[in-house]
Ligand code: NAP
């Protein structure tokens, strides 16, 4: 029976470490690191996400600089705000909440963010640095996946890792981070043949598909470590991951629950990234 990975506890550790790093930053520089959030329009889910991020900032002592724009704001006007934030030394991190309203070119907005302030790690320069193995800001959810894996004590060197899903947000960056740790990585997607067989060979499985309980328990090799990134809401209101948790738990050595696993880590890593960004900017 698998050990359940406690995402809440691990996220709390990251927040505690970040709070200590914020204190140290304040002692050295006379002010706290700042995270600018930009919310465009009135989508209730986006408003909730931004509120949570701002509350989380407050808990660890990061200064939250919030900007709200009307849904009718043009891409050029959002870019102009981003450029002002790029020039603002108080804004060490810039987070533009997605999705942006219909008709706004999200890519143009995200690409306007100074890569040194790109705490979401989604700018092409950040992604390029990850690919090149250069220092830079990494995307938050993939960082959370790696932190949970580290917590299990799994030796990634030479381990067979299978990632299901090749999005820019999760699958591709997770693959690069695993490769950086010397895992042998197979990146699977909707055109992969014999997916179950690929997964069966894995020592580490990362599922980022967005399909409820898609990965069957019998796909999981005996003793594999399973990290489930998926968050899917069923018609009856329950939240489930991309992995059949009950069946996979019978075979895995470690497994993340949904909720209470990777989902807890994303905002915690955003806070950590804000401190990383602030330090990098002042190291100059
Ligand atoms: P996405 O952009 O929709 O990507 C899904 C990936 O899954 C694609 O690469 C797709 O392949 C692949 N896929 C779809 N059907 C497949 C199939 N039948 N067999 C194999 N691969 C298949 O999703 P995402 O943004 O990466 O998110 C994935 C999941 O993680 C979602 O449930 C999302 O809610 C969750 N998520 C959670 C967090 C968190 O904080 N925990 C953060 C981000 C995302 P193709 O490329 O071939 O289409």
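Throughout, read-outs are computed from the coordinates displayed, never taken from laboratory work. Worth saying up front: this structure is predicted, and the values here are computed from it rather than measured. We place every Cβ from the backbone using ideal geometry, glycine too, and count neighbours over all the protein chains shown.
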Restricting the search to segment 61-82, which residues are over 19 Å from residue 119 (Cα atoms) and touching a helix residue (DSSP H, G or I) at 6+ places or on another chain (Cβ under 6 Å)?
75
Here are the criteria: (1) on the phi > 0 side of the Ramachandran plot; (2) near the ligand (Cβ under 9 Å from one of its atoms); (3) in contact with a helix residue (DSSP H, G or I) (Cβ under 7 Å, 6 or more places away or on another chain). Tell me which single one residue 260 does not satisfy.
(2)
Is one or more of the residues making up segment 5-27 out of contact with any strand residue (DSSP E or B) (no Cβ under 8 Å at 6 or more places or on another chain) and not in a helix (DSSP H, G or I)?
yes
Qualifying helices (runs of 4 or more DSSP H) (wholly inside segment 84-169; at least 1 residues being within 16 Å of the ligand (Cβ to nearest atom) and touching a strand residue (DSSP E or B) at 6+ places or on another chain (Cβ under 9 Å))
106-112, 140-152
Consider segment 189-240. How many of its residues are buried (at least 23 other Cβ atoms within 10 Å of the Cβ) and either within 12 Å of the ligand (Cβ to nearest atom) or in contact (Cβ under 8 Å) with a residue 60 or more places away in the chain (or both)?
13
Of the residues in segment 129-151, those that are within 17 Å of residue 228 (Cβ to Cβ) and surrounded by 17 or more Cβ atoms within 10 Å (Cβ to Cβ) come to 140, 141, 142, 143, 144, 145, 146, 147, 148, 149
